[in-house]
1. Considering each of VAL85, VAL80, VAL105, VAL57 in turn, give the residue that is in contact with a strand residue (DSSP E or B) (Cβ under 6 Å, 6 or more places away or on another chain), farther than 14 Å from ASN144 by Cα and among the β-branched types (Val, Ile, Thr).
2. Restricting to region 112-148, and then to whatever is among the charged types (D, E, K, R) and in a loop (DSSP other than H, G, I, E, B), can you tell me which residue is nearest to VAL41 (Cα to Cα)?
3. Can you pull out every residue in region 112-148 that is of a type in the set (D, E, K, R), modelled with pLDDT of 95 or more and more than 16 Å from GLY73 (Cα to Cα)?
Amino acid sequence: MKRLRIAAGGVLLLGFLALAPTTLARADEPATAESPSIEIVLSGNQTVAGETIVYPVDQPAAVTAAIVTLQPGQETGWHVHGVPVFGYILEGELTVDYGELGPRVYREGEGFLEAISFRHNGRNDSEVPVRILAIFIGGEATPNTVPE
């Protein structure tokens, strides 16, 4: 069993696309020739385990974006997160075991706010790789992932 290791180090700044003179359409409005279409993937303030999202305030903010790939049969290993994490399944299917809360399956195109301090283990039970965009929204001194 291989364990997922994501360092708290490198910070990736995320920005908006330069849209020149155009404006963004609201998510509930249809796109026009002047504005791109926006599809809300997720909006919320609680993790899948019911934890309220709280950002570190005692240190400089840091955002890290990573693409995590699990081959068929691979697992992340049991872990917690030190910061809020948004996950988006780019390809495949991920099963996450939340212990007493049971397992949940996330499929291509689904977004979720991952459990923070609630211990969990992700695994790829399918026959194809799963690719996850993980965006860690935290602080410079706080680890993104802590193996348990």
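The values are calculated or read from the model by the stated rules, or taken from the named source; none is laboratory data. Values in this document were obtained by computation on a predicted structure and should not be read as measured data. Virtual Cβ from ideal backbone geometry, glycine too; neighbours counted across all protein chains shown.
1. Values: VAL85 fails: farther than 14 Å from ASN144 by Cα; VAL80 fails: farther than 14 Å from ASN144 by Cα; VAL57 fails: in contact with a strand residue (DSSP E or B) (Cβ under 6 Å, 6 or more places away or on another chain).
Every option except VAL105 fails the conditions.
2. Taking region 112-148 as the starting set, the residues that turn out to be among the charged types (D, E, K, R) are 114, 119, 123, 125, 127, 131, 140, 148.
Still in the running and in a loop (DSSP other than H, G, I, E, B): 114, 119, 125, 127, 140, 148.
On the way: GLU114: 14, ARG119: 24, ASP125: 24, GLU127: 26, GLU140: 26, GLU148: 30 Å.
Ranking the qualifying residues of region 112-148, first place goes to GLU114.
3. So in region 112-148, the residues of a type in the set (D, E, K, R) come out as 114, 119, 123, 125, 127, 131, 140, 148.
Keeping just the survivors that are modelled with pLDDT of 95 or more gives 114, 119, 123, 125, 127, 131.
Residues satisfying the conditions are GLU114, ARG119.
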